[in-house]
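Read the figures in this text as sums done on the coordinates, not as results from a lab. A quick note: this is a predicted structure, and the numbers were derived from the prediction, not measured. Reconstructed Cβ throughout: ideal geometry from the backbone, glycine too, with neighbour counts over all protein chains shown.
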Amino acid sequence: MKLKTLLFAFAAALTIQTAIAQSTPAPATEVLNAAIKKAAKEKKQVLAVFHASWCGWCHKMTASLNDPAIKPYFDKNYVIADFTVYESKGKENLENPGAADLLKKYNNADQGLPTWLVFDAKQNLVADSQMRPAGAALTAKGDNVGCPAKPEEVAHFIASLKKSSKLNDKELEDIAVVFRKNEIKR
């Protein structure tokens with residue numbers, strides 16, 4: 001009888017450990033490397049979006065990127081890599097391990113959420129969610145636009161997309177229209 005109890009306890013522990021392991025998000029470096037590899041193969045860029053479950057503007061960013069009017073534009077030009085970071089106490093298990101380090105590496109650690117980074121297929125940072133003075137390097141600190149909504153934020157996002165994709169003026173304007181709706185909903 002003791003052997004059955006021991007075997008049952010072992011099986012239960014193994015089941016729980018497997019469930020926990022399966023629910024742990026992939027490390028940020030793995031997510032980014034997979035996105036870079038896919039982008040290189042498909043001749044696209046990577047749009048890395050950092051968010052948290054508690055962040056209302058993060059949900060607006062996701063909803064805007066997935067708006068049926070513009071989603072095909074992003075699908076055609078970008079591999080979107082999602083990263084969960086800065087979760088509230090008790091939900092840290094939702095975070096991609098190393099996502100905060102990735103933000104730090106690219107000078108975006110203290111910028112708030114959502115934060116987005118655009119990489120080329122060689123993992124060079126091309127643009128990010130920080131508005132900076134004209135001509136400033138990506139290493140200079142700027143102001144995070146997060147989910148673009150205000151006119152100057154949308155303009156920064158559109159300029160970043162124009163710089164990093166083959167989107168035409170009509171497509172860029174369609175994207176701007178969707179993101180401008182977030183300003184109205186504030």
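At a glance:
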item	result
Cα pair distances of the range 26-184 binned at 5 Å [whole percent]	2, 10, 19, 24, 22, 16, 7, 1, 0
3J(HN,Hα) from dihedral phi, the range 178-184, Karplus parametrisation 6.51/-1.76/1.60, rounded to Hz, x for glycine, proline	5, 6, 5, 4, 5, 5, 5
Cysteines without a disulfide-compatible partner [the chain; Cβ-Cβ under 4.7 Å]	Cys147
Where labels lie 7 Å past Cα in the beta-carbon direction, separation of Ser53 and Asn124 in nm	3.9
FRET efficiency estimate (nearest 0.05) - Cβ-Cβ, Asn66 to Thr24, R0 30 angstrom	0.75
Cβ-Cβ FRET estimate between Glu152 and Lys37, R0 fixed at 35 Å, reported to 0.05	0.50
Relative contact order (percent, whole number), the chain, Cα cutoff 8 Å, 6+ residue spacing	23
Lys/Arg +1, Asp/Glu -1 at C-beta; the range 34-130 dipole; positive extreme among Phe119, Asn93, Met61	Phe119
Amide H within-cut-off set for Tyr78, under 5 Å, with H built and near neighbours excluded	Gln45
Per-residue HN-Hα couplings for the range 79-92 [Karplus 6.51, -1.76, 1.60; θ = phi - 60°; Hz; x = Gly/Pro]	9, 8, 10, 9, 10, 9, 8, 6, 5, 6, 4, x, 10, 4
Placed amide H near Ala127: partners under 5 Å, 5+ positions off or other chain	Val118
Nearest-ten-degree value, helix 56-65 long axis tilted from longest Cα axis of the chain	70
Mean separation of Cα contacts under 8 Å (6+ apart) over length of the range 93-182, as relative contact order %	22
Top of Ser165, Ser23, Ser53 by mean-square fluctuation, Gaussian network on the chain, Cα under 10 Å	Ser23
Hz values of 3J(HN,Hα) by residue in the range 127-135 - Karplus curve (6.51, -1.76, 1.60), Gly and Pro given as x	7, 8, 7, 9, 7, 10, x, 3, x
Helix axis angle, 2-23 relative to the chain longest principal axis, alpha carbon, degrees	0
Modelled FRET efficiency - R0 30 Å, Val177 with Lys89, Cβ distances, 0.05 increments	0.20
